[in-house]
Structures are given as structure tokens and as C-alpha cells.
1. How many residues are modelled with pLDDT of 95 or more, aliphatic (A, V, I, L, M) and over 16 Å from the mean Cα position of the chain (by Cα) when one looks only at the stretch 41-81?
2. Conditions: (1) at pLDDT 95 or above; (2) part of a helix (DSSP H, G or I). Leu16 meets all but one. Number of the miss?
3. Exactly one of (1) of a type outside the set (Asp, Glu); (2) modelled with pLDDT under 95; (3) assigned to a helix (DSSP H, G or I) is unmet by Lys89. Its number?
4. Report, ordered by the first and then the second residue, all pairs with beta carbons closer than 8 Å, sequence separation of six or more or different chains, a first member in the stretch 95-111 that is β-branched (Val, Ile, Thr), and a second member that is crowded, with 24+ Cβ neighbours inside 10 Å.
5. Please state which one of Leu38, Leu3 is touching a Cys at 6+ places or on another chain (Cβ under 9 Å) and either at pLDDT below 95 or farther than 25 Å from Leu134 by Cβ (or both).
6. Given Ala104, Ala11, Ala97, which one is closer than 22 Å to Pro178 by Cα and either in a helix (DSSP H, G or I) or at pLDDT 90 or above (or both)?
7. Find the residue count for the stretch 31-56, including only residues that are among the basic types (Lys, Arg) and touching a Pro at 6+ places or on another chain (Cβ under 9 Å).
8. Based on this model, can you work out whether Leu184 counts as touching a Phe, Trp or Tyr at 6+ places or on another chain (Cβ under 6 Å) and either of a type in the set (Phe, Trp, Tyr) or free of Cβ contacts under 8 Å to residues at least 60 places away in the same chain (or both)?
Amino acid sequence: MGLVSASNNPALFLALIIAFIYAITVHEFAHAYVGNLLGDQTPRTQGRISLNPMRHLDPMGTLLLVVAGFGWGKPVLVNPHNFLCGARKGMAYVAFAGPASNLASAAILTPIARSIMGGNDFGGEFFPLLIFMLIQVNILLALFNMIPIPPLDGFSVLLGIVDRSTAIQLESFRRHGPILLIALLFIGPLLGINFIGQLVGQPTAVLVDILING
């Protein structure tokens, strides 16, 4: 769900803006925090260990969020050679931290959502909508970024799981990843094939339903 499609509903539009900014900020902060935790000071020197949204928003990624409902924040730069656990494993941990933080955020907000559904008054109609959007967008961003296509986080996680020789072979795919991702996001729907909807949209709806309705 892009922001453009919600522009005729002011409450939904505002809730989505807050949800997207929150989800991206937490996601990129988690990358930076874990990178620093593993021994690389690069995120700290660049001021990325921060919950200030302005340090994490990326112009192109934000534009895609507005238009298509999928996007990313400003990449957190790290030096994998500084990781105490090794470059490949370290990159996998740093990559996974982003989606994991979004899923954790959704889980933390779940008791509030269930309490609202139980009839508790939390101050009007906007707050329940915001909580629902925060849960949905965090799950959406997590699942989207776990698709194993570069430059998404899932690709770095995949490289950390497979053996070294397989990882080296997969590295050659990195330069083709952005083209494939663009094709999935834009060319697929033009051909009537919604790959992203099947990979991300439907699982997001299922997870949101499980979290909120049990």
C-alpha cells in the first residue's frame, strides 16, 4: 500500500507516514547497532546509531514507499573486515538485524492492538488505526527486505547461511539483483503478475491476522 493510494483519506495517510518513518528508522538503527556491536565503528562515526529519522531516510527508497508501498532506508555502511565473527557471518547478522527489529516492533505493539479490539478506549479512532498500520508496515518491511535478492537484506543473510564456495558463486549475482528487483516491482504488475504481492503482501496479511486476532 503506497501513500499515494491513501491520499484521499487524511487519517490513513498520516498513519502510514508515521508507520513508514518509524519502521525505516528502527530498521536502519538495528543495522547500525549490530554492526557496531560486532566490532565495526563505521556506523558510529557516521552517526547512524541514532533513532533520528533524518539520519536514515533515503530519497529513492522513500519515493518508492510513497508510490508502491515498498522501499528502503539509507544503507548503513559497514566494514565487514572489522567484524569479530568474520566478514560473511557478520554481514548476515547485520542484515538480519533490520527485519528482526521490525518483526520485534510488530510483536511489541500486538498487546496494545488486542487491548483495543477488546474494547478499551485509547483516545479516539486515529490511535487504533495507527497501531494497526505500525504492525502492518513493520511486518511488510521485514518480509520485503528478507527477499534474497540484492541489495535487500535477505541476500546477505543467504550468503551467511550457505557454505563459502556457494557464497562466492552467489556473489556474481549481486550486480544483476537491482534489475531483477525493479522487474518484480514494476514490470511484473504490468504483465498481470504480482510477484511481490504473493511473496510479501499475502504473508503480511496472514501474520497481521495471527498477531491481532490470535
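The values are calculated or read from the model by the stated rules, or taken from the named source; none is laboratory data. Just so you know, these numbers come straight off a predicted model, no measurement behind them. Positions of Cβ are generated from backbone atoms using ideal geometry, with glycine treated the same way; all protein chains shown enter the neighbour counts.
1. The number of residues fulfilling the criteria is 3.
2. (1)
3. Every condition holds for Lys89 apart from (2).
4. So the pair list comes out as Thr110/Ile135.
5. Numbers: Leu3 fails: touching a Cys at 6+ places or on another chain (Cβ under 9 Å).
Step by step, each of Leu38, Leu3 is checked, and only Leu38 is touching a Cys at 6+ places or on another chain (Cβ under 9 Å) and either at pLDDT below 95 or farther than 25 Å from Leu134 by Cβ (or both).
6. On the way: Ala104 fails: closer than 22 Å to Pro178 by Cα; Ala11 fails: closer than 22 Å to Pro178 by Cα.
Only one candidate qualifies: Ala97.
7. Keep residues of the stretch 31-56 that are among the basic types (Lys, Arg), which gives 44, 48, 55.
Checking the rest, the ones that are also touching a Pro at 6+ places or on another chain (Cβ under 9 Å) come to none.
Within the stretch 31-56, residues that are among the basic types (Lys, Arg) and touching a Pro at 6+ places or on another chain (Cβ under 9 Å) number 0.
8. On the way: touching a Phe, Trp or Tyr at 6+ places or on another chain (Cβ under 6 Å): yes; either of a type in the set (Phe, Trp, Tyr) or free of Cβ contacts under 8 Å to residues at least 60 places away in the same chain (or both): yes.
Yes; evaluated as a whole, the condition is true for this residue.
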